[in-house]
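Student: Next up is a structure, given as structure tokens.
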Amino acid sequence: MTAFVRRLAAPQPGWTIDTDVIVVGSGIAGLTTALDLRERVDRVLVVTKGVLSSGSTVWAQGGIAAAMDPDDTPEEHLQDTLVAGVGLCSEEAVRVLVTEGPHSVRKLLRRGAQFDLGPDGDLTLTREGGHHRDRIAHAGGDATGAEISRALVEQLEAVRNDPGIEVIEHAMVVDLLTAAPDADGRPGPVCGVTLHIIGEGSRDGVGAALAKAVIIATGGIGQVFRSSTNPASSTGDGLAVGLRAGAAVADVEFVQFHPTVLWQGANARGQLPLISEAVRGEGAYLLSAAGERFMVGRHPLAELAPRDVVSRNIVDVMREEDADSVFLDCRHLDGAFLERRFPSIWASLAEHGIDMSRDLIPVAPAQHFHSGGILTDLHGRSTQRGLYAIGEAACTGVHGANRLASNSLLEGLVFARRAARDAAAMVDDAVLEQLEPVERAGESALVPATMRARVQAIAHEGAGPVRDGDGLDDAAARLDRIRARFHTEPVTAVMPQTAEWETTNVVATASVLVQAALMREESRGGHLREDFPDTDPAWAVRLGARLDPDGELEFMKAPLELG
């Protein structure tokens, strides 16, 4: 097996800045962390690949789950989450999520987020798959993420002139900076980042930002796959930079494929339109090509079963009928209600010539959410000193083998506040101090951007919604050959630039994902193995991975409760 690179080939930094804490990413997790840190430390740097409003949060349609109804309880929310996670959740982490969730949502409202309200002025709460209560708060019908992003960006824009906070947009973090290695040769504590200004940032070229702590909030890994609901910026950067810096990752094999993504043909690529689970929550049916409601009788919750169950059944039906899609049927629902409740989806479908009140909507599963990421404790601390991870880039143990609908925004909110408090306290108490970065040992290389489509096809074919050992073994071998070709003998013609850095991160993320999926010989949650169709109690463990001092990937079984 070819070793992984320990750093990306890049020009030497042409400038250096100092700060207390760096936040990488501008979704709900990153923005919340930055705002909370500003109240607690002297200097905060926020780095984002696009503009502040371009984080993954803006695409979230369904809503944010929290036990806000008087008839609901955190304990009921906990139980629904544990069921969806199929025995792999950290119950302690879930308890943190559901107990701190309502207060965190109320603070979000105080920060200006405007959620949909009923005639009595209370939050309008709806239900989505896997929930046994109405506990999904939403905004603009199906534009919850966009509203949350607007409110948080507005708060941050208001303090742009604050000397204690700096925002660098259009900037990609190339690598984490680490201090002197330990006695075993592993990278030392994280002490900053190298970053490249893509073209419209406030500084030029490649620079180094030194900090006492770095918080990764880079979102998901959607662009590892051929089709995804994730934005183009979701190239697994957080997982890859954390891995290269010595941090452990976990649950990487658990990828959630959203059941109802608009089918646009076999050649569709990139970010595809999502048809929110909330549409089924309002009564839409799933139909086979034969016009039959196939989820009835397959699960007690029918169309509102957990996403992995629905996706799996859609794949089965498509195979049975040799079809490319199934259909979402809203024709029995009132058109005026649909347009009012789902204005964004209504408009998106109209652009594709579909009237959701009159037409069947062709849908099929596509990559949507990653339950794994950088392994953290309940305060967002990774296994690498000085490095935190939050949101989709982290593995807190909240989601287990499958995320419960609308828990992702809540996780970003709750654990962002925890990470901000912890990092600030560590800096204030001088537990985390500024260390001197040293160059990490090991290879540096790049994979050309022209390879990305091939890597995405390998991931889709080998590690899609339904997997088997032969397919995963073949995918692992093909990815190993790509790494061997470009890592062992670096191609000098490959220029160090954004597309190449992203593609190298995609290759690293896909490689870890495929190898983890090959090792887990069972089916559980988002991970379905046709050759191991049953859930095996012996696999009720977290599968972690990290790079050894030689850049070789090593796996270990970790307990569910890390504290």
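Just so you know, all these numbers are worked out from the coordinates, no wet-lab data involved. From a predicted model like this one, the values you see are computed outputs, not experimental measurements. Don't worry about glycine lacking a Cβ; one is built from the backbone with ideal geometry, like all the others, and counts go over all protein chains shown.
Student: Report, please, the projected area of segment 263-366 averaged over directions, based on the convex hull of its C-alpha atoms, in nm².
Tutor: Quarter of the Cα hull surface area: 6.5 nm².
Student: So for T81, T535, fewest C-beta neighbours within 10 Å to most, what's the order?
Tutor: T535, T81
Student: GluC sites (Glu not before Pro), restricted to segment 1-104: which are DSSP loop and have at most 13 other Cβ atoms within 10 Å?
Tutor: Hits after loop and neighbour filter: E39.
Student: Continuing with the same structure: Considering only DSSP beta bridges where both residues belong to the chain, give the percentage that are antiparallel (nearest 5).
Tutor: Values: 45 of 72 bridges.
For the chain, the DSSP antiparallel bridge percentage is about 60.
Student: How many percent of DSSP beta bridges within segment 263-366 run antiparallel, rounded to 5? Spell out each step's value before the answer.
Tutor: On the way: 7 of 8 bridges.
So the antiparallel bridges amount to about 90 percent of the total.
Student: When the C-alpha atoms of segment 335-486 are aligned to their principal axes, what extent does each axis show, in angstrom, from largest down?
Tutor: That gives 63, 43, 28 Å along the principal axes, largest extent first.
Student: Now for a separate question. Report the extension gain between A441 and H299 in nm, rounded to one decimal, defined as 0.36 nm multiplied by the number of residues separating them, less their alpha carbon distance.
Tutor: Net length gain for the segment: 45.9 nm.
Student: Okay, moving on. Would you calculate, for the chain, the mean residue ellipticity at 222 nm contributed by helices, counting each DSSP H stretch of 4 or more residues as -39,500 (n - 2.57) and dividing by all residues, to the nearest 500?
Tutor: -9500 deg cm²/dmol, from helical runs alone.
Student: Something else: For R481 and R106 in the same chain, what is the full-extension length gain: residue separation times 0.36 nm, less their Cα-Cα distance, in nm? Present the calculation step by step, with values, prior to reporting the outcome.
Tutor: Numbers: separation 375, 0.36 × 375 = 135.00 nm, distance 5.02 nm.
Gain on extension, R481 to R106, equals 130.0 nm.
Student: What whole-number distance in Å separates the alpha-carbon centres of segment 84-161 and segment 215-263?
Tutor: Distance between centres, Cα-based: 22 Å.
Student: Moving on to the next point. Find which of A290, F337, V326 sits farthest along the positive direction of the dipole of segment 263-366, computed with +1 on the beta-carbon of Lys and Arg, -1 on that of Asp and Glu, about the Cα centre.
Tutor: Projecting each Cα onto the dipole axis, the largest value belongs to F337.
Student: Could you put V83, V326 in order, starting from the residue whose Cβ has the fewest other Cβ atoms within 10 Å?
Tutor: V83, V326
Student: Determine by what factor the alpha-carbon radius of gyration of the chain differs from 2.2 N^0.38 Å, reporting the quotient.
Tutor: That ratio works out to 0.91.
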